[in-house]
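Here the structure is laid out as structure tokens; the discussion comes afterwards.
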Amino acid sequence: MVFKKPFMTIGLVVGLILFGSGLWAQTSGETLPYLNPKLPVEERIDDLLGRMTLQEKVGQLNMPVMFLDYMGKTLQLKSEASKKFAEGTFNTDIGPGGGYFALATTILMDGSREQAEYINQLQDIALKKTRLKIPLLLTEEGTHGGMFPGATVFPEGLALGSTFDMPLIKAIYAAAAAEARSIGVHELCTLVVEPNRDPRLGRNMEGYSEDPYLCARIGTAIVHGAQGYDVSAKDKVVAVLCHYPGQSQPASGMERGAMEISERSLRETFLIPWMAGVKEAGALGVMATYPEIDDIPNHSSEKILTHILREELGFKGLVLSEGNGFRTLVYEGVAASQKDAGAQAIKAGVDVNVTYEAAYLKPLIENVEEGKVPMALIDRAVRRVLEQKFRLGLFDNPYVDVGHAVATVHAREYQDLSLRAGREGIVLLKNDKSILPLRKNLKTIAVIGPDADDSTTQLGDYSPHKVPQHVVTVLEGIKAKLGPATKVSYAHGCEVMGAAKSGFPDAVRAAKSADLAIVVLGEKQRSKDGEVSTDGEGSDVASLDLTGVQEDLLKAVQATGTPVVLVLINGRPLTIRWAAENVPAIVEAWQPGERGGEAVADVLFGDYNPSGRLAITIPRHVGQLPAYYNYKPSKTWWVKFSDGGYVDMPAAPLYPFGYGLSYTKFDYTNLRITPSEMRPAANAQVSVDVRNTGDRAGEETVQLYVHETVAPVSIPVKQLRGFERVALAPGETKTVTFTLSPAELQLLDRDMHWTVVPGDFEIMVGKSSEDIPLRGVLKVTP
């Protein structure tokens, strides 16, 4: 008798739960409404939400990053934890988890077959071992290709921006999406569309350009490539744009530094790519940024995450937290605890917790139970998670075809696409006396420098933790170009960091005995735990000069009298003043990806005519920052007309935005503006003839800049408003035509309204932001 009553009570409770949830009906063969694909999605979501407990709802808001230790410190422990998380037994305070972040790159090292099979197993657990059978949503980093072993590693950041090739960028992210979706990944994250405004910030290497207009065009291409128009397709994923609304101009150029910007700067500069990527292209994911903006940490800003993002821009997808993003509220002093931070963040509009912070675990449940957080806010976030899963088609088919994954990941066409991108992103900065392209019949070539045979540095930030495919280094690329009659010697020279010069003698000997020395310098990515990284997330710098003794190595090689070509492998612009004055040829390769060495060799030996143009300004010195080209008129005197600008150096940069040389020459003529006078709501056509006057085929990037001569507010001296790559055979002429719509002519007036103000607009068409051979005027009348 003592045990009979508790037993009867438990049985009654279980029966009531089954009946209340609808699972009682399911045992008789009836399909639950939310599992019925014939019903409207909204009806299915309403039905499912009504069946969920608070614990199950909070479980759906958690999609943890797997490489952090809270999921275990070994691969085996992480693997066990991920399965328990799927079935809801890893943390009994919450229900089954909503999904995972960076799972494949963390625990699935053996390639696409293992990845697809394992992710299918997790989906099987979610569907067969949980009460409500809610499928899992998986997110991976996708900055320049899926961040999981075996995925194609494309060039990163400024290499892609310097292509000015939107069809290429769209194709790259379509490829990354196809690879990711094939193994069971549904979202690609850290697609950094924010303008790169301070290159001292290490993770600015993930961004594409300093220019808002170019970033907007790139953002649109990324969304169209990765997400397309049907995100449920087997080759598409959600594009998670980062870091909303920006973190690239932090105080002191340091990670998570406050964005000390005005409302005008926010809207004129930082929101432009989001207007394109979210409002126009329809991106379904964003990651909230770390910094505080206007004294409000972004993870608690209802203005930014709800009023602007959802109400102004019409965002329909998920807002993901940054890694340990809720912690920012605590260290900024606006939240006393993670519990308090969670209450603020759920109200502001953060939907998903990606680093398993307490803010969205048991303390969030307590906030609801104590009346501090309305259930309606929990339901709002959960509804968004469920909507995303329904959009992706996961409720009806969460599994992937393993054979398709094996055939898709790192397909030859994607490898070739990476090579094409590596070539197009290379910028020829200097080529005195046409030392380039090199002859392939040189007898001896010395390849020198710490980045000459370092595959890790070529790949950049957010590359897979394990890269099973072969990565072609610069040294290998050069060797492959030359026959047995050419001797190629190699000397490491020095490290990227440190003061050791013990390798200098070998480098000097190699240079002295060679017809030509190719010196490969730049930055370093962390390849092993504990190694110093000079670029990437968490690697901010106070100086943009070459680190360590690299410049000394370059000077020692140059002093031998052997002709020198400098190749740079780096994720940020470097202030190479000495090299710009003394080295005859300089090639900016950025981080050119898994076939980057081959791409560099193609340019060096003339098998590819360099066509890259700088998507960011290269300053002379860090003291010039900010150095972007679209500065305000007050700076014009010092840059253009002053005898020196600064007392100790010119104010003009080393190399301007849009700059890049070719192995041929291009001539611009016959500027036409049609009509030359129009009303504010009309469009104008700007046309120019471009001729290849050299003896080699090449591609030119024609750039259109605009400036209104008199305006109600101070506006930049010029703003990019169009660009087009044009391929020309020797002697060939083509006409390039741009359309200027009100969107390209508008400004943010004194009342913070976007409007076209009648007046004279200077039209500038040229080869860079400084090399402007053609100018005209477009009159806009009231």
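Quick check: is even one residue across segment 434-442 open to solvent by less than 30 Å² (accessible area, probe 1.4 Å), more than 30 Å from LEU54 (Cα to Cα) and touching a helix residue (DSSP H, G or I) at 6+ places or on another chain (Cβ under 7 Å)? Spell out the reasoning first.
Kept after step one, since they are open to solvent by less than 30 Å² (accessible area, probe 1.4 Å), are these residues of segment 434-442: 436, 438, 442.
Going one step further and asking which of them are more than 30 Å from LEU54 (Cα to Cα), we end up with 436, 438, 442.
Now drop any that are not touching a helix residue (DSSP H, G or I) at 6+ places or on another chain (Cβ under 7 Å), which leaves 436, 438.
Yes, that holds for at least one residue.
Within segment 644-658, being open to solvent by less than 50 Å² (accessible area, probe 1.4 Å), more than 13 Å from LEU625 (Cα to Cα) and part of a loop (DSSP other than H, G, I, E, B) holds for GLY644, GLY645, MET649, PRO656, PHE657, GLY658. When ASP294 is tested against the conditions (1) farther than 25 Å from PRO64 by Cβ; (2) of a type outside the set (Gly, Ala, Ser); (3) modelled with pLDDT of 95 or more, the lone failure is (3).
For ARG380, the test of being over 19 Å from THR53 (Cα atoms), of a type in the set (D, E, K, R) and either modelled with pLDDT of 95 or more or crowded, with 21+ Cβ neighbours inside 10 Å (or both) is failed.
Working only within segment 200-220, note down all residues that are of a type outside the set (A, V, I, L, M, F, W, C) and either open to solvent by 10 Å² or more (accessible area, probe 1.4 Å) or in a helix (DSSP H, G or I) (or both).
ARG200, GLY202, ARG203, ASN204, GLU206, PRO212, TYR213, ARG217, GLY219, THR220
Based on this model, can you work out whether VAL223 counts as in contact with a Phe, Trp or Tyr (Cβ under 9 Å, 6 or more places away or on another chain), open to solvent by less than 10 Å² (accessible area, probe 1.4 Å) and in a loop (DSSP other than H, G, I, E, B)? Taking the combined requirement at face value, the residue does not satisfy it. Being under 27 Å from CYS215 (Cα atoms) and either open to solvent by 20 Å² or more (accessible area, probe 1.4 Å) or outside any strand (DSSP E or B) (or both) is the requirement here; does VAL639 meet it? Considered against the rule, which asks whether it is under 27 Å from CYS215 (Cα atoms) and either open to solvent by 20 Å² or more (accessible area, probe 1.4 Å) or outside any strand (DSSP E or B) (or both), VAL639 comes out as yes. Scanning segment 752-775 for residues that are closer than 20 Å to LYS640 by Cα and either surrounded by 14 or more Cβ atoms within 10 Å (Cβ to Cβ) or modelled with pLDDT under 95 (or both) yields GLU762, ILE763, MET764, VAL765, GLY766, LYS767, SER768, SER769, GLU770, ILE772, PRO773, LEU774. Across segment 111-134, the qualifying residues are those that are touching a Pro at 6+ places or on another chain (Cβ under 7 Å) and of a type outside the set (Val, Ile, Thr), and the one among them that is farthest from LYS389 (Cα to Cα) is GLY111. Do we find that LYS389 is open to solvent by less than 10 Å² (accessible area, probe 1.4 Å), charged (D, E, K, R) and assigned to a helix (DSSP H, G or I) in this structure? In short, yes. Among the residues of segment 673-722, those identified as within 25 Å of ALA216 (Cβ to Cβ), part of a loop (DSSP other than H, G, I, E, B) and in contact with a Gly (Cβ under 8 Å, 6 or more places away or on another chain) are THR709, ALA711. Residues of segment 96-136 that are touching a Ser or Thr at 6+ places or on another chain (Cβ under 8 Å), open to solvent by less than 10 Å² (accessible area, probe 1.4 Å) and among the small types (Gly, Ala, Ser): GLY99, ALA102, ALA116.
Of the strands (runs of 3 or more DSSP E) contained entirely in segment 471-585, those carrying at least 3 residues that are open to solvent by less than 60 Å² (accessible area, probe 1.4 Å) and among the β-branched types (Val, Ile, Thr) fall at 516-522, 564-569. Listed conditions (1) open to solvent by 10 Å² or more (accessible area, probe 1.4 Å); (2) at negative phi are all met by SER252, apart from (2). Between VAL756, VAL717, the distinction of being in contact with a helix residue (DSSP H, G or I) (Cβ under 8 Å, 6 or more places away or on another chain) and either among the hydroxyl-bearing types (Ser, Thr, Tyr) or closer than 21 Å to TRP637 by Cα (or both) belongs to VAL717 only. Total residues in segment 227-263 satisfying the condition of being more than 18 Å from the chain's Cα centre (by Cα) and among the β-branched types (Val, Ile, Thr): the figure is 2. Checked against (1) in contact with a strand residue (DSSP E or B) (Cβ under 8 Å, 6 or more places away or on another chain); (2) within 30 Å of THR575 (Cα to Cα); (3) among the acidic types (Asp, Glu); (4) open to solvent by 60 Å² or more (accessible area, probe 1.4 Å), GLU732 passes all but a single condition, namely (2).
Residue selection: TYR663 fails the criterion of being outside any strand (DSSP E or B), open to solvent by 20 Å² or more (accessible area, probe 1.4 Å) and under 20 Å from TYR208 (Cα atoms). Just one of the listed residues (VAL240, VAL231, VAL185, VAL153) is outside any helix (DSSP H, G or I), of a type in the set (A, V, I, L, M, F, W, C) and open to solvent by 10 Å² or more (accessible area, probe 1.4 Å), and it is VAL231.
Would you check if there is a residue in segment 60-70 being more than 21 Å from GLU387 (Cβ to Cβ), among the β-branched types (Val, Ile, Thr), at pLDDT 50 or above and not in a helix (DSSP H, G or I)? Checked segment 60-70: at least one residue is more than 21 Å from GLU387 (Cβ to Cβ), among the β-branched types (Val, Ile, Thr), at pLDDT 50 or above and not in a helix (DSSP H, G or I). Here PRO167 does not qualify as modelled with pLDDT of 95 or more and either closer than 30 Å to ASN36 by Cβ or surrounded by 24 or more Cβ atoms within 10 Å (Cβ to Cβ) (or both).
Evaluated against (1) touching a Gly at 6+ places or on another chain (Cβ under 9 Å); (2) touching a residue at least 60 places away in the same chain (Cβ under 8 Å), VAL639 falls short on exactly one condition, (2).
Can you confirm whether segment 668-688 contains a residue that is within 29 Å of GLU588 (Cβ to Cβ) and either among the basic types (Lys, Arg) or modelled with pLDDT under 95 (or both)? No: segment 668-688 contains no residue that is within 29 Å of GLU588 (Cβ to Cβ) and either among the basic types (Lys, Arg) or modelled with pLDDT under 95 (or both). In segment 404-457, the qualifying residues are those that are assigned to a strand (DSSP E or B) and within 27 Å of SER209 (Cβ to Cβ), and the one that is nearest to the chain's Cα centre (by Cα) is VAL427. Residue selection: GLU263 fails the criterion of being in contact with a Leu (Cβ under 6 Å, 6 or more places away or on another chain), of a type in the set (D, E, K, R) and open to solvent by 10 Å² or more (accessible area, probe 1.4 Å). Reported count of residues in segment 68-95, each being surrounded by fewer than 16 Cβ atoms within 10 Å (Cβ to Cβ), in contact (Cβ under 8 Å) with a residue 60 or more places away in the chain and under 19 Å from GLY323 (Cα atoms), is 1. Contact map, segment 37-62: residues that are open to solvent by 60 Å² or more (accessible area, probe 1.4 Å) paired with residues that are part of a loop (DSSP other than H, G, I, E, B), Cβ distance under 6 Å, separation 6+ or inter-chain. Pairs shown: PRO37/ASP396; GLN55/ILE94; GLN55/GLY95.
The values are calculated or read from the model by the stated rules, or taken from the named source; none is laboratory data. Computed from a prediction, not measured in an experiment: that's the story for all the values here. Cβ sites come from the backbone with ideal geometry, for glycine too, and all protein chains shown count toward neighbours. To get the accessible areas, we keep the full protein, side chains included, count just its heavy atoms, and leave off ligands, DNA and RNA. Shrake-Rupley method; radii C 1.70, N 1.55, O 1.52, S 1.80 Å.
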